[in-house]
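Structure record follows, encoded as structure tokens.
The values are calculated or read from the model by the stated rules, or taken from the named source; none is laboratory data. Worth saying up front: this structure is predicted, and the values here are computed from it rather than measured. Neighbour counts run over all protein chains shown; Cβ positions are idealised from the backbone, glycine included. Quick note on the areas: whole protein, heavy atoms, side chains included, nothing else; ligands and nucleic acids left out. Shrake-Rupley method; radii C 1.70, N 1.55, O 1.52, S 1.80 Å.
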Amino acid sequence: MVKITENIRAEVTGIIYNFFADECEVDLPTINDNTNIIKDLDGDSLMFLELIEIFKKKYNLDIELKTIGKYAVKHPVQTIGELIEMQMRIIEFENKLLETDK
Amino acid sequence: MPEKPIAFIFPAFVTEYPEDPSSNLPGFVSYCNFFLQKAATAIDPELIDFNYNAKNFLGDELRTQLMTYLLCCSYSEFLKENNIVPSMCAGYSMGIYAAAYQAGSISFEDGLFLIRNAFMEISKFTAGKKYGMGTVLGLSREDIIQIMDEDSETIEIVNQNSPYSFIFSGSLEEIKKILDKARNEGALNIRLLNVTIPYHSKLLEATKEPFGAFIESLSFKDPEIPIVSLIDQSVLKDSSALEKEIVRNLYTNLNWYYTQLQLQSSGVRSFIECGPGKTLVKNAKFVEGESRFYSVSSLFDSNITSSHQGLFEK
């Protein structure tokens, strides 16, 4: 379990913003928390998976992909801001992510 | 800086034409028009009406396959004209036909005839039945086998793109069921593909004899460039091995993930996706190793051309 600090939040936000700017070939300043990942950036699930792998490595997370998948069904992500919030919960709760719904 | 050796990799048929390449690939259009003319003469006069921006033929499964093959051949010839040549190649699913053309084993026209004949033979065996294909992202093979065991009679895992990306073939009803189950099991994404044929599954084994007989009527040459099999990752060095691969390709499970690893372990440092779109490039992000993947467009992007000088011998 990683204790979430302001530094981690800023780091995660920076990684996600830069990731989508690179992958979707858009200027970084055009992305904000309300940017719709599919409609505005033409993002896809492979990008989502790639980001998960980035954070799993960076924070040495113990979490199964299917746990994230089950969580995502209940908490679908559309915007960059929602994705950041989901990543924060993944980092904080790892494999206990689904228990946070109980 | 991309390194040699280079592998050309050819995608399966497209479900959309994602970008018009004429703006950043000067000269590509002339290759495309050249092959359109040949294809219209050899197999289907209406193909000459293809327009990249009009996205025509996407609702026609056979013409989509023919167009994808034609575009793949156009891209590979365009690259050769720019002195970008492969040391090896591989074709994802129906991409095997473009790989065979690129390797010098078959003529462009014979590739068209192979695609049409395979489609016709398959259609005979699937007529009146509802089949389909689907993809699952985010589950392991073990997870998928577990949900398949319960009541799947026709479902097979027919291809693997990465450790967490799989493709199924089977009856349409069972495909839909398994996609639902996969979603409930925690898949990050599920998708029903826009096809009516259960490619690469045992359901198509009856095509073996008629399609094999058709292939015998064509003139295959030994590949000038080694082609890696998606069935068992062996290197197809002679015409006989390639002919067998093309026949078996229709009804045998493939593994694209292992094929990429095999190409990499054979020394390939750069993979170039010769076809419309960049599906293979996107999937390659989950392939471990040091090799790099490029779409043709990315090689000629004015912003990054300077970093790709090593590929050009002119």
Q: Give the accessible area for residue A:40 in Å² (nearest 10); use a 1.4 Å probe, count only protein heavy atoms, and leave out ligands, DNA and RNA.
A: 90
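When a/c is below 1.5 the answer is rounded, else prolate if a/b is larger than b/c, else oblate, so apply that to the range B:131-192 with a ≥ b ≥ c taken from the square roots of the Cα gyration tensor eigenvalues. Can you show the working numbers first?
Working: a/c = 1.42, a/b = 1.29, b/c = 1.10.
Since a/c stays below 1.5, the shape of the range B:131-192 is classed as rounded.
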Q: Describe numerically, in nm with one decimal, the distance between label points set 7 Å from Cα along Cα→Cβ at residue A:38 and at residue A:18.
A: 2.9
Q) Expressed as a rounded percentage, what relative contact order does chain B have, with Cα pairs under 8 Å and six or more residues apart? A) 26
Q: With runs of 4+ DSSP H residues as the only contributors, calculate the mean residue ellipticity of chain B at 222 nm using -39,500 (n - 2.57) per run, divided by the residue total and rounded to the nearest 500.
A: -12000 deg cm²/dmol
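Could you compute the net charge surrounding residue B:41? Neighbours are other residues with a C-beta less than 15 Å from the C-beta of residue B:41; K and R count +1, D and E count -1. If you can, show how the numbers build up before the last one.
Values: positive: B:38, B:116; negative: B:44, B:46, B:49, B:109, B:110.
Taking every Cβ under 15 Å from that of residue B:41, the sum is -3.
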Q) Which of B:154, B:188, B:198 sits closest to the plus end of the dipole of the range B:152-292, meaning its Cα is farthest towards the positive end, when Lys and Arg get +1 and Asp and Glu get -1 on the C-beta? A) B:188
Q. Relative to a virtual label point 7 Å from the Cα of residue B:266 in the Cα→beta-carbon direction, which members of the range B:147-177 show backbone nitrogen distances below 12 Å?
A. none
Q) Under the definition of partner shielding as Cβ atoms of other protein chains within 10 Å of a residue Cβ, what is the mean value for peptide B:156-165? A) 1
Q. So which lysines can residue B:221 reach, going by Cα to Cα under 18 Å and dropping same-chain residues fewer than 8 places off?
A. B:237, B:244
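Computing the accessible area with a 1.4 Å probe over protein heavy atoms, can you report the carbon and sulfur percentage for the range A:6-101?
Reported share for carbon and sulfur atoms: 45 percent.
If you place +1 on the Cβ of every Lys and Arg and -1 on the Cβ of every Asp and Glu, how big does the dipole about the Cα centre of chain B come out, in debye to the nearest 20?
340
If you put +1 on each Lys and Arg Cβ and -1 on each Asp and Glu Cβ, how big is the dipole of chain A around its Cα centre, in Debye rounded to 20?
Details: 12 positive and 20 negative charges, 113 e Å.
With Lys and Arg at +1 and Asp and Glu at -1, about 540 debye.
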Q: Could you work out how far the C-alpha centroid of the range A:76-102 sits from that of the range B:94-124, in angstrom?
A: 47
Q. So what is the accessible area of the range B:1-66 per residue, in Å², with the probe set to 1.4 Å?
A. 48
**Q.** All lysines inside 22 Å of residue B:176 as judged from Cα atoms, apart from same-chain residues fewer than 8 positions distant
**A.** A:66, A:70, A:74, B:129, B:130, B:202
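Which value, in square angstrom to the nearest 100, describes the accessible area buried between chains B and A on both sides, using a 1.4 angstrom probe?
Working: alone 13560 and 6360 Å², together 18530 Å².
Accessible area lost upon association: around 1400 Å².
On a full-extension model of 0.36 nm per residue, what is the gain between residue B:37 and residue B:3, subtracting their alpha-carbon distance, rounded to one decimal in nm?
Details: separation 34, 0.36 × 34 = 12.24 nm, distance 3.49 nm.
Here the answer is 8.8 nm.
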Q) Semi-axes, largest first, in whole Å: what does sqrt of 5 times each Cα gyration tensor eigenvalue give for the protein assembly as shown? A) 37, 27, 19
Q. So how strong a dipole does the protein assembly as shown carry about its Cα centre when Lys and Arg Cβ are +1 and Asp and Glu Cβ are -1, to the nearest 20 debye?
A. 260
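Among B:125, B:108, what's the order by accessible area (1.4 angstrom probe), most exposed first? Don't skip to the end; give the middle numbers.
Working: B:125 70, B:108 5 Å².
Largest to smallest exposure gives the sequence B:125, B:108.
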